[in-house]
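One structure is given below, encoded as C-alpha cells.
FYI, it's all coordinate maths here, none of it is from the lab. These numbers were taken from a predicted model, which means no experiment stands behind them. All Cβ positions, glycine included, derive from the backbone under ideal geometry; neighbour counts span all protein chains shown.
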Amino acid sequence: MNTKEVHLLPVVMAVLLMLVLLLTLPGCSEPPVPAKPASVTTAPASAAPVAVPHGLDPQLVARGGEIYKANCAVCHGANAEGAPNWQKPGADGKYHAPPLNGTGHAWHHPKAALNTTIKRGTMQMGGSMPAWEGKLSDDDIEAVIAWIQSRWPEEIYQAWLAMDEKARKGGAGR
C-alpha cells in the first residue's frame, strides 16, 4: 500500500461504519401514515418565526416543527423524545422509534444519511419506519431535519457539524 491508500483506510472504515449504522437505524413500530400524498401535512411557508439555536433559520425550523408534529411525532414523540424503551426490541424483534432530540444516535449520522433514512425509511432493511419520499418534498425533509437539530444541545450540534463536514469532504453519507 502506498501512503495515500494508508491515509484513506480510516475514511473507508468510517464510511462502512456509517453505512452499517444507517442500515440498522430503527424506525417507528406504529403502522405507517397512509401513503396518500393528501394525508401528508405540510406547514405554510409563512409559519411564524421563533427563536432557535445554532444559527438555524427560524422560519425553516417553525415549518419543520409543523411537518414533524403532523407526520413524525406519532412514533418519535411530540418533543422528539422517542418511544419508551426505544433501546429494546419489541415483540416483533424491531426496535421502537429512537429519540431525535440529541439523546439518541441521529446526530451520529451526516445530513445525507438522515435525508436518505427519511426518504427511504427502514422497512426494506427490516425496520419499521415508512418511506417519506413522494409524500414529503425535499424542502419538507430539510425543514424537519432543521427542527430536529434545533432540539440538540449546542455541544451535540457542534460535534455533528464537524462530523458532517468531514463526511461531505470525504464523500461519506452520499
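One table, with the values for the structure above:
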read-out	value
Cβ-Cβ under 9 Å pairs, at least 6 apart or on other chains, region 140-158 side farther than 18 Å from residue 112 by Cβ, far side aromatic (Phe, Trp, Tyr) and surrounded by fewer than 21 Cβ atoms within 10 Å (Cβ to Cβ)	150/157
Residue match in region 145-168 (condition: touching a Leu at 6+ places or on another chain (Cβ under 7 Å) and of a type in the set (Val, Ile, Thr))	yes
